[in-house]
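Enquirer: If you scroll down you'll find the structure; I have some questions about it.
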Amino acid sequence: MRGMHSPQPSATTPGDGPRDQLGRALRDLRVSVTDRCNLRCRYCMPREVFGPDHAFLPREDLLGFEEISRLVRVLAGLGVGKIRITGGEPLLRRDLSELVAQIAAVEGIHDIALTTNGVLLPQHAEDLAAAGLGRVTVSLDALDDATFRAMADTAVPVASVLAGIEAAQRAGLTPVKVNAVLQRGVNDDQLEALADFGRRTGVVIRFIEFMDVGTTNGWRRDQVVPAREVVERLHARWPLDPVDDGSGAAVAERYRYRDGGGEVGVIASVTRPFCRTCTRARLSAVGELFTCLFGARGHDLRALLRGGIDDEELTARLATIWGRRDDRASERRAATGLTGERVEMSYIGG
Ligand code: SF4
């Protein structure tokens with residue numbers, strides 16, 4: 001596990017749950033339910049690494065839905081209120097709406113979201129909404145079909161993702177958000193077209209700075225399109241006003257179009273890191289708890305679950321893990337750059 005000297009768990013505020021070494025509460029859990037995907041986005045799952053010979057996680061090693069919802073229940077007792085289901089591509093996990101229904105029944109969970117590439121949404125949106133899913137975020141990096149296929153390294157047309165977004169809107173999984181990773185020289189020419197798409201459809205586009213998540217996506221600093229530039233380009237075309245939701249813990253910087261065209265966001269992990277307000281933990285599909293997207297290893301909760309631990313002891317272990325947390329990788333990157341081993345995004349979901 002992390003570091004030579006393990007910092008002592010920080011104080012726990014009654015009803016508020018544990019605080020980490022930087023005083024951050026635990027509020028959000030991202031649950032990866034599979035490491036498999038039906039696309040091969042180059043900044044996440046480059047085919048040369050995740051090709052036909054890649055050893056994906058065996059099905060029997062994955063946490064079962066009961067194990068996941070038990071962890072959600074215990075973590076809800078420590079302050080978690082938001083669950084985001086991710087992958088790989090979560091819609092590849094069979095009967096996912098059963099998991100959604102189990103999580104929706106957990107007391108204290110007030111927000112259940114899903115991050116997906118959208119391709120399978122037409123088949124699943126209605127069932128997921130009926131099971132209790134509240135909203136979806138769809139990854140879409142280009143409207144131009146050739147650019148989309150090149151970035152996702154796929155023969156799947158962009159129209160499939162657009163059909164998925166429509167299916168989510170019809171099912172009431174709104175507001176549908178779109179995450180678009182911008183890479184200079186790859187799809188930064190798509191910025192205005194994606195923003196215009198959001199204005200026309202009511203979808204909230206969030207432009208994401210290209211990140212060095214994992215160690216396989218060939219990240220280069222000069223391929224990052226800074227949030228400042230994104231906002232300047234949008235404002236030049238459609239004047240914007242910043243939106244402050246007062247939560248202070250939002251991942252995205254939000255802006256409203258002055259002409260009533262809706263909202264747009266930027267996620268500036270590279271140029272404007274937000275580690276100080278990061279209240280997120282991530283659970284891998286085999287039950288490792290990561291306290292940072294740029295972590296190397298997680299805490300093996302599956303062994304505890306399958307070893308017969310009771311809820312009281314599990315709660316204490318989780319509080320200790322969070323209390324010892326001192327992650328702030330994006331801030332460190334800004335200061336010294338990131339080096340060393342880092343878990344792949346497709347393994348714990350962005
Ligand atoms: S780099 Fe780690 S600590 Fe910082 S915001 Fe991202 S997940 Fe949170």
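The values are calculated or read from the model by the stated rules, or taken from the named source; none is laboratory data. Nothing here was measured: the structure is a model prediction, and the numbers come from that model. For neighbour counting, all protein chains shown are included, and Cβ atoms are generated from backbone atoms with ideal geometry for every residue, glycine included. Side chains are part of the model used for accessible areas, which takes the heavy atoms of the whole protein and leaves out ligands, DNA and RNA. Shrake-Rupley method; radii C 1.70, N 1.55, O 1.52, S 1.80 Å.
Enquirer: Choose one answer from Gly108, Gly17, Gly260: the residue with the largest mean-square fluctuation in a GNM of the chain with alpha-carbon springs under 10 Å.
Expert: The residue that fluctuates most here is Gly260.
Enquirer: To the nearest 0.05, how large is the calculated FRET efficiency for Arg332 and Arg184 if R₀ is 25 Å and r is the Cβ-Cβ distance?
Expert: Result of the calculation: an efficiency of 0.60.
Enquirer: Going by average Cβ neighbours within 10 Å, how do the peptides 52-64, 224-236 rank, with the highest at the top?
Expert: In descending order of packing, they fall as 224-236, 52-64.
Enquirer: Let me ask you something else. Per residue, how much accessible area does segment 89-187 have with a 1.4 Å probe, in Å²?
Expert: Roughly 38 Å² per residue, with all protein chains present.
Enquirer: What relative contact order, as a whole-number percentage, does segment 28-348 give when Cα pairs under 8 Å and 6 or more residues apart are counted?
Expert: Across segment 28-348, relative contact order equals 20 percent.
Enquirer: Next question. Given the -39500 (n - 2.57) contribution per DSSP H run of 4+ residues, what per-residue ellipticity at 222 nm results for the chain, rounded to the nearest 500 deg cm²/dmol? Display every interim value, and only then the final one.
Expert: Working: 11 runs with 106 residues, N = 350.
Rounded to the nearest 500, the figure is -9000 deg cm²/dmol.
Enquirer: Moving on to the next point. Hey, in the GNM for the chain with a 10 angstrom Cα cutoff, which one of Gly23, Gly198, Gly307 fluctuates hardest?
Expert: Maximum among the listed residues: Gly307.
Enquirer: With a 4.7 Å Cβ cut-off, tell me which Cys residues in the chain come up empty for a partner.
Expert: Cysteines of the chain left without a disulfide-compatible partner: Cys37, Cys275, Cys278, Cys292.
Enquirer: Now for a separate question. Determine by what factor the alpha-carbon radius of gyration of segment 66-183 differs from 2.2 N^0.38 Å, reporting the quotient.
Expert: Taking N as the residue count of segment 66-183, the ratio is 1.11.
Enquirer: Take peptides 208-215, 312-319 and line them up by average Cβ neighbours within 10 Å, highest first, as a rough protection proxy.
Expert: Values: 208-215: 21.6, 312-319: 16.1.
Peptide ranking by packing, descending: 208-215, 312-319.
Enquirer: Please state the shape class of segment 28-348: rounded when a/c is under 1.5, otherwise prolate if a/b exceeds b/c and oblate if not, all from the C-alpha gyration tensor.
Expert: Values: a/c = 1.43, a/b = 1.35, b/c = 1.06.
Rounded is the answer for segment 28-348, as its axis ratio a/c remains below 1.5.
Enquirer: Using a Gaussian network model of the chain whose springs link C-alpha atoms within less than 10 Å, name the residue from His110, His124, His299 with the highest mean-square fluctuation.
Expert: Looking only at His110, His124, His299, the largest GNM fluctuation is found for His110.
Enquirer: In whole percent, how big is the carbon plus sulfur part of the accessible area of the chain, probe 1.4 Å, protein atoms only? Before the final figure, lay out the partial values.
Expert: Details: 7490 of 14980 Å².
Its accessible area is 50 percent carbon and sulfur atoms.
Enquirer: Also: Within the set of other residues whose C-beta is less than 15 Å from the C-beta of Gly308, count the net charge using Lys and Arg as +1 and Asp and Glu as -1.
Expert: Taking every other residue near Gly308 into account, the sum is -3.
Enquirer: Moving on to the next point. Quick one: compute the contact order of segment 216-315, relative version, from alpha carbon pairs under 8 angstrom and 6+ residues apart, as a percent.
Expert: Computed over segment 216-315, the figure is 16 percent.
Enquirer: So how do 266-272, 169-175 stack up, highest first, on mean other-Cβ count within 10 Å?
Expert: Numbers: 266-272: 20.1, 169-175: 16.6.
So the peptides 266-272, 169-175, ranked by packing, come out 266-272, 169-175.
Enquirer: Separate question: Which value, in Å² and to the nearest 10, is the accessible area of Phe197 when all protein chains are kept and the probe is 1.4 Å?
Expert: 20
Enquirer: Let me ask another. Hey, with R₀ at 30 Å, roughly what FRET efficiency would Arg59 and Thr174 work out to, going by the Cβ-Cβ distance, to 0.05?
Expert: Taking R0 as 30 Å, the efficiency between Arg59 and Thr174 is 0.35.
Enquirer: Moving on. Taking every DSSP beta bridge with both residues inside the chain, roughly what % is antiparallel (nearest 5)? Let's see the in-between values first.
Expert: Details: 16 of 46 bridges.
Antiparallel bridges make up about 35 percent of those DSSP assigns within the chain.
Enquirer: Moving to a separate point now. Quick one: Cα centre-to-centre distance for segment 257-298 and segment 193-252, in angstrom?
Expert: Between the Cα centre of segment 257-298 and that of segment 193-252, the gap is 13 Å.
Enquirer: Separate question: Would you please state which residues of segment 45-66 a label at Asp300 would reach in this model, taking the label point 7 Å out along Cα→Cβ and a backbone N cut-off of under 15 Å?
Expert: 61-63
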